[in-house]
Amino acid sequence: MALLEVRNLEVSYGPVNVLKGISFTIEKGQIITILGANGAGKTTTLRTISGLVEPEKGNIILEGQEIKGFEPDRIVRLGISHVPEGREVFPDLSVYKNLLMGAFINSDARVVAENLEMVYHYFPLLRDRSSQHAYTLSGGEQQMLVIGRALMSKPKLLLLDEPSLGLSPKLIKTIFGIVRRINEEESTTILLVEQNARMALEVAQHGYILEVGRMVMDDTTERLKQNEDVQEFYLGMQEHGIRGTRRWKKKKMWR
C-alpha cells in the first residue's frame, strides 16, 4: 500500500483553476520532488495535502484512509507535517519553545523529550541556540528551526516547500544533506517542492514535473536528469538564472 495517493485533484482560487486534476503516488521511505515554474501549483499541492486548502474534486488518501477535507491538526496527528515556504517561526518565542510548538500532538513528556533529542541530533546548533529568540537567528538557522519543529511530531510524511529559498550555496548543501539523513535514518518519507532543480534531483529518487496545474511528466530522478526538456528548462536555464519559465515542447508534454 502506498503511503500517500493523490487522485485527480482539482483546486481553484475563485475563478482561477490552479490544479487541474493532478495525480501522483508516494511510497513509504521515498524522497519525491515536484518541480515547476512559479505559479505552476506546487505550493498549492502541499497546502491541499496538509489541509490548508480545500480541493473542489479528487482524493487524498493516506495509508488507505481518505483525508480530503480533514482539519490541519487532524492531518498532523495522522502523520503529515508541513514546512511552509518562508521560514514561518514564532519570532518572540525561544528556539526551544518554537520546537515545543511542533509537539502539540504528544502529551507524553518522555516522547517529547526523545523527539527533541532527535531534532538536536540533526541540528546541534539549535541546542546551542535553544534560549535565543527565534527572530535573532539567521535565515539558515531559522530554516533548521522550522524543519526541526515539523520533526517534533515524528511524521510519516514531511512536506518541504522551498527549503533552499534565500540561502547561500553552502547552507543549501548543508540543509539538503540533513534532509537526506532524516530520510535514511528515521525512514521519514519526504515530499519536496524546490526551485533548485539540480539539488532536488540529486536528493530525491523520483520526480514529477508540474506545469500550469497539470502533471506533464514523472520518472525516476536519474531519468529526469537525462531528459532533454528537463535539462533545457530546469537544469540548463537554472545555470543562467532562469528557472523553467518557458513551455515544454508540446510533443513531449504528455507521456
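The values are calculated or read from the model by the stated rules, or taken from the named source; none is laboratory data. No experiment lies behind these values; they were computed from the predicted model shown. FYI the Cβ positions are ideal-geometry reconstructions off the backbone, even for glycines, and counts take in every protein chain you see.
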Problem - Failed condition for L165, given (1) assigned to a helix (DSSP H, G or I); (2) at pLDDT below 95 - result: (1)
Practice task
Within the stretch 78-89, identify whether any single residue is more than 30 Å from L167 (Cα to Cα) and at pLDDT 95 or above, and answer yes or no.
Solution key: yes
Practice task
Can you confirm whether the stretch 131-149 contains a residue that is closer than 23 Å to T33 by Cα and in contact with a strand residue (DSSP E or B) (Cβ under 6 Å, 6 or more places away or on another chain)?
Solution key: yes
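Can you confirm whether K154 is at positive phi, modelled with pLDDT of 90 or more and outside any strand (DSSP E or B)? Steps first, answer last, please.
Working: at positive phi: yes; modelled with pLDDT of 90 or more: yes; outside any strand (DSSP E or B): yes.
Yes, satisfied.
Only one of V53, V119, V76, V146 is in contact with a helix residue (DSSP H, G or I) (Cβ under 6 Å, 6 or more places away or on another chain) and surrounded by 19 or more Cβ atoms within 10 Å (Cβ to Cβ). Can you tell me which?
Details: V53 fails: surrounded by 19 or more Cβ atoms within 10 Å (Cβ to Cβ); V76 fails: in contact with a helix residue (DSSP H, G or I) (Cβ under 6 Å, 6 or more places away or on another chain); V146 fails: in contact with a helix residue (DSSP H, G or I) (Cβ under 6 Å, 6 or more places away or on another chain).
After applying the criteria, what remains is V119.
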Practice task
Of the numbered conditions (1) more than 15 Å from the chain's Cα centre (by Cα); (2) over 21 Å from K156 (Cβ atoms), R87 fails exactly one; give the number of that condition.
Solution key: (1)
Practice task
Kindly indicate whether any position in the stretch 191-198 is at pLDDT below 95 and within 23 Å of K156 (Cβ to Cβ).
Solution key: yes
Exercise for the section: Can you run down the residue pairs with Cβ atoms below 6 Å, 6 or more apart or on separate chains, where the first is in the stretch 6-33 and under 12 Å from T45 (Cβ atoms) and in contact (Cβ under 8 Å) with a residue 24 or more places away in the chain and the partner is of a type in the set (K, R) and assigned to a strand (DSSP E or B)? Expected result: E10/K57; K20/R214; S23/R7
Problem - Close pairs (8 angstrom Cβ cut-off, 6 or more residues apart or separate chains): under 20 Å from A37 (Cα atoms) in the stretch 177-204, of a type in the set (K, R) and assigned to a helix (DSSP H, G or I) anywhere - result: V193/K42; M199/K173; L201/K225; V203/R180
Handout entry: Single unsatisfied condition, A37 versus (1) over 30 Å from P124 (Cβ atoms); (2) out of contact with any Ser or Thr (no Cβ under 6 Å at 6 or more places or on another chain); (3) surrounded by 14 or more Cβ atoms within 10 Å (Cβ to Cβ); (4) modelled with pLDDT under 95
Key = (2)
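Going residue by residue through the stretch 36-50, is there one that turns out to be without any contact (Cβ under 8 Å) to a residue 24 or more places away in the chain and out of contact with any helix residue (DSSP H, G or I) (no Cβ under 8 Å at 6 or more places or on another chain)?
Filtering the stretch 36-50 down to residues without any contact (Cβ under 8 Å) to a residue 24 or more places away in the chain leaves none.
No, that holds for no residue.
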Exercise for the section: Check the stretch 99-120 and report whether any residue there is under 22 Å from S187 (Cα atoms), within 18 Å of the chain's Cα centre (by Cα) and touching a residue at least 60 places away in the same chain (Cβ under 8 Å). Expected result: no
Problem - Scan of the stretch 126-140 for residues that are part of a helix (DSSP H, G or I) and either surrounded by 17 or more Cβ atoms within 10 Å (Cβ to Cβ) or without any contact (Cβ under 8 Å) to a residue 12 or more places away in the chain (or both), ordered by number - result: L126, R127, D128, A134, T136, G140
Practice task
Could you check P163 against (1) within 25 Å of A109 (Cβ to Cβ); (2) within 12 Å of the chain's Cα centre (by Cα) and say which number it fails?
Solution key: (1)
